[in-house]
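Scroll down for the structure; my scribbles are underneath it.
The values are calculated or read from the model by the stated rules, or taken from the named source; none is laboratory data. Computed from a prediction, not measured in an experiment: that's the story for all the values here. Glycine also receives a Cβ, built like all others from the backbone with ideal geometry; neighbour counts cover every protein chain displayed.
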Amino acid sequence: MAKEAQPVLRHLHITNVALIEECALDFGSGMTVLTGETGAGKSLVLDALGLLSGLRATPSLVRTGSDRAIVEAVFDAPVGSPAAVCLAEHGIEVDESGEVILRRELLASGRGRASINGRLAPVGQLAEVAATLLEINAQNDQQSLLDPATQREFYDRFAGLDEARGSVRKLWQEAAQAATELEALDQADQSRAQRADFLRFQIDELEALEPRVGELEELEAEARRLGSIELLQEHGAVASKALSGGGDDSHGACDLVAAAAAALGRMAAKDPEVQGLAERLDDIQSRLADATYDMERYLGSLETDPSRLNEIHSRCDALKKGLRKYGPTESEALARLEQLRAEFDSIDDAEGARRRAEERVAKSRAALAAAARDLSGRRDKARAVFLRPLAALLRDFAIPKVRVDIAFVPVSSGVALGDGKFCGASGAEEVEILFTANEGESLQPLRRVASGGELSRVMLALRSLDAGDQEGRLLVFDEVDAGISGAAARAVADRLAALGARCQLLCVTHNPSVAAAAGTHLVVEKLEAGGRTIARIAQAEGIARQRELARLLDGGKYTARGLALAEELLADAG
């Protein structure tokens with residue numbers, strides 16, 4: 001026997017919601033039913049759960065005379081569950097117990113607030129988390145089932161195609177990304193060409209300038225020398241004359257030092273103590289001779305050259321202008337030239353980049369097309385295997401003339417595969433259930449022709465066929481048994497009980513067979529106290545439960561026959 005699924009919803013506390021003044025309910029695993037006379041307030045429990053699911057709140061839900069209505073529920077979200085993952089994505093911590101507390105407060109003024117584990121949260125975030133914890137299937141609110149995407153989820157899970165669809169999704173993301181990159185390259189062509197022209201202009205300008213590290217400093221020094229040539233010649237002549245004597249009878253420094261050195265040489269021959277001084281003068285004489293030679297050569301090089309000076313000024317002006325734009329130093333200008341060349345080379349490889357992008361697009365689309373064809377083929381093969389049990393269940397649920405089929409509708413957008421075909425994140429087609437409950441009527445999409453009661457029974461049938469793991473969410477069914485009785489009601493009860501063995505169920509019902517199949521039975525009663533009407537919800541056990549089933553069997557009466565039938569129903573269900 002399969003292990004009974006653990007409960008998801010453990011506790012529900014409702015305060016001042018319409019007729020409910022105060023209500024605290026504990027929930028166990030398996031199937032729980034909620035019964036009561038029409039108008040007693042069964043729908044208020046659904047309204048309360050709807051508030052936690054992020055549904056729009058109206059001030060009319062606040063009990064007359066109260067300033068606020070509060071709904072609070074305690075759920076279990078074990079590590080790794082969809083709810084725990086969702087909470088982590090929103091940065092909400094869950095302790096080791098896995099306890100999650102959702103709370104919605106509605107003020108009579110119309111304002112309100114929501115919280116998750118004591119932390120204020122937007123209603124949208126509350127709804128996103130709640131969607132991982134509970135699903136409400138109400139007769140007049142089957143929007144999720146009307147969505148072909150939901151029908152596809154049921155179908156693919158039944159056919160064991162979740163992994164194949166996941167592969168398609170991954171390849172679709174890769175193909176979409178490749179297409180986006182190619183489109184970006186196409187859109188950038190014009191701006192890229194303009195940028196390339198601008199880079200080419202700057203590169204040509206710098207290459208023509210040919211800056212050399214230290215050149216400007218050298219040129220400015222040469223310009224200063226050429227601009228002061230007469231002054232240099234004048235002072236150079238004075239220095240030269242002082243060294244060499246100028247060729248007349250006067251003696252220069254060289255002659256005087258030479259005479260002194262000769263005299264000391266003669267003295268050293270007589271007195272060795274003078275030898276050191278004589279040698280020093282010899283050295284000075286040699287250095288003065290070298291300086292005199294260098295001075296004469298320098299003076300010989302000092303020639304006025306106006307053309308060279310103009311050339312230097314022009315070069316300096318060009319360098320300064322270029323360095324203001326690309327420098328401010330020659331080394332920085334040269335580094336900028338290398339950067340410009342590298343960027344130009346990368347842009348110049350645009351054709352290669354585009355070719356590589358086109359190859360990625362073609363490769364990713366081919367892989368996506370192959371995976372999509374495989375998924376489509378496997379979906380088609382699963383069609384009959386899915387439809388036979390679905391139709392059989394719906395006939396058991398008092399839709400005797402039912403016919404169902406599957407329409408595979410090609411998607412009209414997504415990644416283009418060629419020949420006018422596209423592939424979306426979930427494949428090349430939408431999966432839509434076709435339905436008719438009447439003989440002679442054509443099959444139509446479920447969203448167009450199914451009534452609220454029929455939609456509820458289709459949802460129950462799909463849940464019964466669902467091969468996926470139902471644990472981790474509370475499934476709520478509102479009068480899925482409406483309008484049926486006898487064997488059909490018993491079939492619905494059996495299916496609900498079987499589903500309750502796999503997950504936690506809450507069923508609002510008027511049907512005794514369904515009510516008897518539950519492990520827990522809650523009864524809503526409308527009472528008057530202190531001049532006010534209140535709705536009270538309590539668990540029915542033993543004779544109280546038997547009396548409630550008898551009321552359902554006998555249209556509100558408590559007869560011996562009804563009590564006997566109730567006892568028989570409970571015995572059969574037990």
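Observations, loosely collected:
- Ser167 satisfies every condition listed in (1) among the polar types (S, T, N, Q); (2) touching a helix residue (DSSP H, G or I) at 6+ places or on another chain (Cβ under 7 Å); (3) without any contact (Cβ under 8 Å) to a residue 60 or more places away in the chain except (3).
- Residues in the range 201-215 that are in a loop (DSSP other than H, G, I, E, B) and crowded, with 16+ Cβ neighbours inside 10 Å: Pro211 alone.
- The condition (being in a helix (DSSP H, G or I) and within 26 Å of Val508 (Cβ to Cβ)) is satisfied by just one residue among Leu55, Leu126: Leu126.
- Screening the candidates Asp380, Asp396 for the property of being of a type in the set (Asp, Glu) and more than 39 Å from the chain's Cα centre (by Cα) yields one hit, Asp396.
- Leu46 fulfils the conditions (1) in contact with a helix residue (DSSP H, G or I) (Cβ under 8 Å, 6 or more places away or on another chain); (2) under 19 Å from Pro7 (Cα atoms); (3) among the aliphatic types (A, V, I, L, M) except for a single criterion, (1).
- Some residue of the range 97-115 being free of Cβ contacts under 8 Å to residues at least 24 places away in the same chain, polar (S, T, N, Q) and either in the same structural domain as Ile14 (by TED's automatic domain parsing) or over 21 Å from Leu9 (Cα atoms) (or both): yes
Listed here are the residues, each with its yes/no results for (1) at pLDDT below 85; (2) small (Gly, Ala, Ser); (3) part of a helix (DSSP H, G or I); (4) surrounded by fewer than 15 Cβ atoms within 10 Å (Cβ to Cβ).
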{"residue": "Arg297", "(1), (2), (3), (4)": "yes, no, yes, yes"}
{"residue": "Lys321", "(1), (2), (3), (4)": "no, no, yes, yes"}
{"residue": "Arg354", "(1), (2), (3), (4)": "yes, no, yes, no"}
{"residue": "Arg360", "(1), (2), (3), (4)": "no, no, yes, no"}
{"residue": "Leu368", "(1), (2), (3), (4)": "no, no, yes, no"}
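- Selected residue (criterion: surrounded by the fewest Cβ atoms within 10 Å (Cβ to Cβ)) from residues of the range 465-491 that are at pLDDT 85 or above and not in a strand (DSSP E or B): Leu465
- Test: residue in the range 412-425 that is under 17 Å from Leu465 (Cα atoms) and either in contact (Cβ under 8 Å) with a residue 12 or more places away in the chain or surrounded by fewer than 20 Cβ atoms within 10 Å (Cβ to Cβ) (or both): no
- His521 vs. criteria assigned to a loop (DSSP other than H, G, I, E, B) and within 30 Å of Val62 (Cα to Cα): no
- The sole residue among Thr64, Thr32 that is within 39 Å of the chain's Cα centre (by Cα) and either of a type in the set (Lys, Arg) or on the phi < 0 side of the Ramachandran plot (or both) is Thr32.
Rundown of residues vs (1) at pLDDT below 75; (2) aliphatic (A, V, I, L, M); (3) not assigned by TED's automatic domain parsing to the domain that holds Arg315, yes/no style:
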| residue | (1), (2), (3) |
| --- | --- |
| Glu207 | no, no, yes |
| Ile229 | yes, yes, no |
| Gly236 | yes, no, no |
| Gly245 | yes, no, no |
| Lys270 | no, no, no |
| Gly276 | no, no, no |
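- Number of residues in the range 250-293 that are under 24 Å from His235 (Cβ atoms) and not in a helix (DSSP H, G or I): the value is 3.
- Tally of residues being among the hydroxyl-bearing types (Ser, Thr, Tyr) and either at pLDDT 90 or above or touching a His at 6+ places or on another chain (Cβ under 7 Å) (or both) across the range 104-131: 1
- Matching residues in the range 25-60 - criterion: being within 14 Å of Arg103 (Cα to Cα) and surrounded by fewer than 19 Cβ atoms within 10 Å (Cβ to Cβ): Leu55
- Unique residue being touching a Phe, Trp or Tyr at 6+ places or on another chain (Cβ under 8 Å) and without any contact (Cβ under 8 Å) to a residue 60 or more places away in the chain when the list is Val402, Val458: Val402
- Test: Ala428 is within 24 Å of Ala493 (Cβ to Cβ) and either in the same structural domain as Leu499 (by TED's automatic domain parsing) or surrounded by 20 or more Cβ atoms within 10 Å (Cβ to Cβ) (or both): no
- Among the residues making up the range 157-216, none is in contact with a Gly (Cβ under 7 Å, 6 or more places away or on another chain) and of a type in the set (S, T, N, Q).
- Which numbered condition Ser301 fails, given (1) exposed (fewer than 12 other Cβ atoms within 10 Å of the Cβ); (2) within 18 Å of Ala221 (Cα to Cα); (3) at pLDDT 80 or above: (3)
- The set of residues in the range 370-393 that are over 21 Å from Arg169 (Cα atoms), in contact (Cβ under 8 Å) with a residue 40 or more places away in the chain and surrounded by 15 or more Cβ atoms within 10 Å (Cβ to Cβ) comprises Phe386, Leu390, Leu393.
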